[in-house]
Amino acid sequence: MTQRAGNVLVLNAGSSSLKYQIVDPTTGEHLVKGLIERIGHDNATITHEYDGEKTHREVAIADHAVALEQMTHVMSETGLALADAGVVAVGHRVVHGGRNFSDPVLVDERVLAEIKRLGTLAPLHNPANATGIEAAQRILPDHAHVAVFDTGFFATLPPAAYTYAIDAALAKEHALRRYGFHGTSHEYVSARVPELLGADPASLKQIVCHLGNGASMSAIDGGRAVETSMGVTPLEGLVMGTRGGDIDPGAVLHLNRVAGLGVDEIDTLLNKGSGILGMAGATDFRDLMERVEAGDETATLAFDVYVHRLVKYIGAYTSVLGGVDVVTFTAGVGENNAAVRAAVCERLAWLGVELDEAANEVRSDDPRVVSTPASKVAVCVVPTNEELAIAQHTVAVID
């Protein structure tokens, strides 16, 4: 089928932020991109990029509808009005699709209601995603709006991987199972790796490490996801910026019964006060690395815990896959932090991993191999492009 010509406005609405891009799904180029932060405050900020120029503004933005209005204003004032951008549809990142949504869907009243209902499983994400969709529908009522779900790529997980070992009836009633997140990124990156290596996708056993403020890992066999580290919510798995990942559920009960923390306090602690921030007080991985290099023991321990969890998961996923051909790093930390990649690869020497130290130190926006030709497992860095993936899915739906 021939795709219709036109660009896609890709929106990623957070609780107090809005990321946007206008993307050509055929070429992968973006016309404009921007980030609006501190929505709901008088000192909200807009960072807008068009034609190589950045525009920064501080304005009062009451809600997501006002944020979108401000987006249209800054676009018009910087040289490309939204009406002139050739937008044929709007693609929305939605974090949780639950059991009902594995594929991207055209948003209607039923879909929007279900996205809102799934806010119980993703309280930090889905309500904001729904708010962004409603605001965009008011701004662009004549355009098709498509929801692309972070959980969709992991619909292929086998029952043994997604089933929690708890009371089966209770799990079914409350939709408790492993869903996985960052699926759009894992799908995009794992599809780029075979191109980079000149390999048959059907033959590759891949492990993808999406390491940003949120972090997740996937095991992909022949292009199909068979395991992933996040669970019913994005809390499970790897150490992250403000989330601690795996923790004994008994520790949560202890915090309630002995420490006296309420459910909402524990929720805030696990989502916003744990991970690197909880261990070392750092809100940015770059700050953590500066302290590690300066010999700060607290920061060093946090770094070691972070790497240890990565290595443990790679070992486990290698067993699940029955071997591994390639380990790929992506997202902010994965793409830009050579020290993390080096520390992980050093501990994977038993797998035959051999890192090219010079290649690993190179900063680039291009996909690249950072292992030596002699390495038995390829190590790659592939910048993710979730916006392009969402744009392509959006066009496929409206076609």
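Which of the residues belonging to region 277-299 are over 15 Å from Asn337 (Cα atoms), in a helix (DSSP H, G or I) and not small (Gly, Ala, Ser)? The answer is Leu277, Met279, Glu297, Thr298. Residues that are under 16 Å from Leu124 (Cα atoms) and either of a type in the set (Phe, Trp, Tyr) or touching a Ser or Thr at 6+ places or on another chain (Cβ under 7 Å) (or both) within region 2-43 comprise Ala13, Glu37, Arg38, Ile39, Gly40, listed in sequence order. Hey, any hits in region 322-329 for a residue that's hydrophobic (A, V, I, L, M, F, W, C) and in a loop (DSSP other than H, G, I, E, B)? Looking through region 322-329, at least one residue is hydrophobic (A, V, I, L, M, F, W, C) and in a loop (DSSP other than H, G, I, E, B). The residue list Val320, Val324 contains one member that is open to solvent by 30 Å² or more (accessible area, probe 1.4 Å), in contact with a strand residue (DSSP E or B) (Cβ under 7 Å, 6 or more places away or on another chain) and closer than 14 Å to Ser218 by Cα, which is Val320.
Matching residues to (1) aliphatic (A, V, I, L, M); (2) open to solvent by less than 20 Å² (accessible area, probe 1.4 Å); (3) at pLDDT 95 or above:
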{"site": "Gly334", "(1), (2), (3)": "no, yes, yes"}
{"site": "Val340", "(1), (2), (3)": "yes, yes, yes"}
{"site": "Leu348", "(1), (2), (3)": "yes, yes, yes"}
{"site": "Ala359", "(1), (2), (3)": "yes, no, yes"}
{"site": "Lys376", "(1), (2), (3)": "no, no, yes"}
{"site": "Val379", "(1), (2), (3)": "yes, yes, yes"}
{"site": "Asn385", "(1), (2), (3)": "no, no, no"}
{"site": "Val397", "(1), (2), (3)": "yes, no, no"}
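Per-residue answers, yes or no, for (1) charged (D, E, K, R); (2) closer than 20 Å to Asp150 by Cβ; (3) in the same structural domain as Met230 (by the TED database); (4) open to solvent by 10 Å² or more (accessible area, probe 1.4 Å):
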{"position": "Ala81", "(1), (2), (3), (4)": "no, no, no, yes"}
{"position": "Val87", "(1), (2), (3), (4)": "no, no, no, yes"}
{"position": "Val90", "(1), (2), (3), (4)": "no, yes, no, no"}
{"position": "Val94", "(1), (2), (3), (4)": "no, yes, no, no"}
{"position": "Pro104", "(1), (2), (3), (4)": "no, yes, no, yes"}
{"position": "Ile115", "(1), (2), (3), (4)": "no, yes, no, no"}
{"position": "Pro123", "(1), (2), (3), (4)": "no, yes, no, yes"}
{"position": "Asn126", "(1), (2), (3), (4)": "no, yes, no, no"}
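For region 62-80, the criterion of a residue being in a loop (DSSP other than H, G, I, E, B) and among the acidic types (Asp, Glu) is satisfied by at least one position.
The values are calculated or read from the model by the stated rules, or taken from the named source; none is laboratory data. Bear in mind that the values here come from a model prediction, so they are computed numbers and not experimental data. Note that each Cβ is placed from the backbone with ideal geometry, even for glycine, and that neighbours are counted across all protein chains shown. Note: accessible area is taken over every heavy atom of the protein model, side chains too, but ligands, DNA and RNA are not part of it. Shrake-Rupley method; radii C 1.70, N 1.55, O 1.52, S 1.80 Å.
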